[in-house]
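Everything below concerns the one structure shown next.
A short reminder: the numbers here are calculations on the coordinates, not readings from a lab. It should be emphasised that the depicted structure is a prediction, and the values quoted were computed from it without experimental measurement. Here the Cβ positions follow ideal geometry from the backbone for every residue, glycine too, while neighbour counts run over all protein chains shown.
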Amino acid sequence: MKYMAVLMIVEMLCINLYISHICLERKASPVIVVPVMAAFTLLILGVCTVTISSLPEYGQGLFLAFGFLYLIPIVILYRCSVKITVSVMCMAWAYTMLVFLFSRSLGRFLPEPQQAAVALAVQTAAYLLTLRPFLRQLHEKLLYVVAHAEPNRSNLFFRLSVSTCAVIFCVNWVLLKEDVLPAKLALVCALAVNTGLMYQALYDLARVRRDAFQTRQQSLTDALTGLNNRRAFFEQAELLMEGEQPFSIVFVDLDKFKSVNDTYGHAAGDWYLKSFAREFTRQFSAQGELYRIAGDEFVFLHTGESRADALLEKIHSRPIRFPDAEIPFLGYSCGAAAFPADAGALDELLSVADQRMYLEKMRTKAAAKDTV
């Protein structure tokens, strides 16, 4: 049994070193790494043999303390930071300790002479079945988080890796050496710390998701009017085109807006824009959505089958007014275009609507001159 226990520990050690070798970026060639690690392993095993009085007791977790001495050669031979190296080692030890604990627990169902041999066989089979999926999860997820997260969140995941290893170490200690009060107290403390870190990690992830959503919403919203902006319009229109869904747009340009700024000031101009956006949305929100795409330029998007001229007629039938305001509404010019009837590309569709808006503005100016 003594030698079987040694073989289980050596197998654990080899798996841990293999995980580090796969997950960390190597500075030296295998010709240097392998002999250095082999020599260091012999040194560690010799120290453990002298220090730990009963060799089979390695399985109760005492070997783990010596295992972290491998940080010394790994930091020298591999290029990764200490934080990433410790994260990898903690998750590797947690994995191998769980496999060891599972194997030893199964072995206890058999008579004592057969326990060690069966535990070794189960441990080897478990590594063959689970090592590759574990490495994929470790390399693709944990290391990505540690390497790419913001510093405060990266530190949290680093601490969570260490805490998880500590929990499994305490579980190993308690289950393999029963009725040890210090081990049970250590397990309770480790579970409490690990639980707190897990909740903190979940909170941080939820906050990151909320912040990302808010940032995206801000990037799609016009700060002055509260309408969706040019980027939001392009995203929505391109999405409709990709789905081959018909829609119409109305290009809206406010008349004489420069005179509002010149006469009343820019603060009044801002109020004018917000008031127009509010009144237009109040009247036409059931028919579509208004976007502000530039200073005094807006686009109204109407989804569904309809003729552009019919939509334009409906908008003209409901004039915009600013009731009880010192600044009168000076009107707007607009031009409409429909997809796919007028154009098959968004730039072309906007160009058609813009040209029609410009023609309407010219007709309005000409009519005003004739009236004078």
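Neighbour counts of other Cβ atoms within 10 Å put His266, His139, His302 in the fewest-to-most order His266, His139, His302. Pairwise alpha-carbon distances in segment 228-371 exceed 25 Å for 28% of all pairs. Each listed q (0.15, 0.18, 0.20 Å⁻¹) maps to a log10 I(q)/I(0) for segment 159-285 from the Debye sum over equal C-alpha point scatterers, namely -0.88, -1.06, -1.15. Two tests apply to each whole DSSP H helix in the chain, Cα reach of 20 Å or more along its axis and mean Kyte-Doolittle hydropathy of at least 0.5, and the ones passing both are 2-23, 30-51, 82-107, 151-176.
With R₀ set to 41 Å, the beta-carbon distance separating Ala192 from Lys27 gives a calculated FRET efficiency near 0.60. Only beta bridges with both residues in the chain are counted; by DSSP, about 90 percent of them are antiparallel. Among Ile76, Ile9, Ile327, the order by Cβ neighbours within 10 angstrom, fewest to most, reads Ile76, Ile327, Ile9. Per-residue ellipticity at 222 nm, computed for the chain from helices alone with -39500 (n - 2.57) per DSSP H run of at least four residues, works out to -23500 deg cm²/dmol.
Among [x] 21.5; [y] 26.9; [z] 22.7, only one was calculated for this model; which label is it, if the read-out is Kirkwood radius over Cα pairs in Å? Step by step, Kirkwood radius over Cα pairs in Å for this structure corresponds to label [y].
Sparse packing (at most 13 other Cβ atoms within 10 Å of the Cβ) combined with a DSSP loop state is found for the following trypsin sites (Lys or Arg not before Pro) in segment 1-36: Lys27. Scaled against 2.2 N^0.38 Å for its residue count N, the alpha carbon radius of gyration of segment 301-372 is 1.32. Among Tyr95, Pro328, Leu181, flag the residue with its Cα farthest along the positive direction of the charge dipole of the chain, charges on Cβ as +1 for Lys/Arg and -1 for Asp/Glu. Final value for the positive-end residue is Leu181.
Cβ-Cβ distance of Leu69 and Leu175, R₀ of 25 Å, FRET efficiency by 1/(1 + (r/R0)^6): the value works out to about 0.50.
Normalising the average separation of contacting C-alpha pairs (under 8 angstrom, six or more residues apart) by the number of residues puts the relative contact order of the chain at 13 percent.
Taking every lysine pair in segment 228-371 that is 8 or more places apart or spans two chains, those with Cα atoms closer than 19 Å amount to 9. Using modelled backbone amide H atoms (1.01 Å from N, in-plane), which distant-in-sequence or interchain residues come within less than 5 Å of Ile293's amide H? Amide H neighbours of Ile293: Phe298, Val299. Counting every other Cβ atom within 10 Å of each residue's Cβ, Tyr264, Tyr70 order from fewest to most as Tyr264, Tyr70.
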